[in-house]
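Quick notes on the structure that follows.
Quick note: the coordinates plus some simple rules give every number you see, no bench work behind them. All figures in this text were calculated on a predicted structure; none of them were measured in a lab. We place every Cβ from the backbone using ideal geometry, glycine too, and count neighbours over all the protein chains shown.
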């Protein structure tokens with residue numbers, strides 16, 4: 001029994017040491033996690049600035065091919081479950097904007113080619129607001145929205 005614990009400890013120590021040496025030698029770098037991100041879009045104070053920062057344009061076309069699943073009333077604004085589905089062909093990205101948040105750009109997901117147009121996440125809402133789903137497909141921006149009420153027990157009533 002003791003020799004098994006010793007072996008597990010030695011294997012773990014050896015693996016940790018090898019990873020540490022590789023990282024310090026520059027063989028392992030977190031390039032994917034340090035990729036460029038749209039800082040201007042996520043720092044924007046209004047919806048149009050957020051859209052311009054992310055897509056370079058704020059021209060949206062309404063679409064019935066985008067469906068938002070969200071609660072009508074969110075009891076806790078700190079964790080509001082949202083899912084977005086789109087049947088628009090060639091969808092490149094799905095983004096979520098919460099209109100009345102201090103920083104409206106909530107999330108942006110880049111979809112790979114051949115990926116199903118579906119995302120699911122939890123967002124934070126400061127108060128009752130419209131949640132806008134924006135789908136970029138073939139260079140155009142499509143959107144739909146849903147009003148979500150945040151109760152007094154949430155983040156601002």
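Answer yes or no as to whether residue 110 is under 22 Å from residue 41 (Cβ atoms) and free of Cβ contacts under 8 Å to residues at least 24 places away in the same chain.
Answer is yes for this residue.
Taking the stated definitions as given, is residue 68 closer than 22 Å to residue 51 by Cα, buried (at least 20 other Cβ atoms within 10 Å of the Cβ) and touching a residue at least 24 places away in the same chain (Cβ under 8 Å)? It would help to see each step written out before you state the result.
Details: closer than 22 Å to residue 51 by Cα: yes; buried (at least 20 other Cβ atoms within 10 Å of the Cβ): no; touching a residue at least 24 places away in the same chain (Cβ under 8 Å): yes.
No, not satisfied.
When residues of region 41-74 are filtered for being farther than 20 Å from residue 120 by Cβ and in a strand (DSSP E or B), how many remain?
2
Could you tell me how many of the residues in region 74-88 are touching a strand residue (DSSP E or B) at 6+ places or on another chain (Cβ under 7 Å) and surrounded by 13 or more Cβ atoms within 10 Å (Cβ to Cβ)? Give the steps one after another, and end with the answer.
Within region 74-88, the subset touching a strand residue (DSSP E or B) at 6+ places or on another chain (Cβ under 7 Å) is 74, 77, 79-86, 88.
Now restrict to residues that are surrounded by 13 or more Cβ atoms within 10 Å (Cβ to Cβ): 74, 77, 79-80, 82-86, 88.
Residues that pass the stated criteria total 10.
Collect the residues in region 125-141 that are surrounded by 15 or more Cβ atoms within 10 Å (Cβ to Cβ) and out of contact with any strand residue (DSSP E or B) (no Cβ under 7 Å at 6 or more places or on another chain), keeping them in residue-number order.
The one that is surrounded by 15 or more Cβ atoms within 10 Å (Cβ to Cβ) and out of contact with any strand residue (DSSP E or B) (no Cβ under 7 Å at 6 or more places or on another chain): 126.
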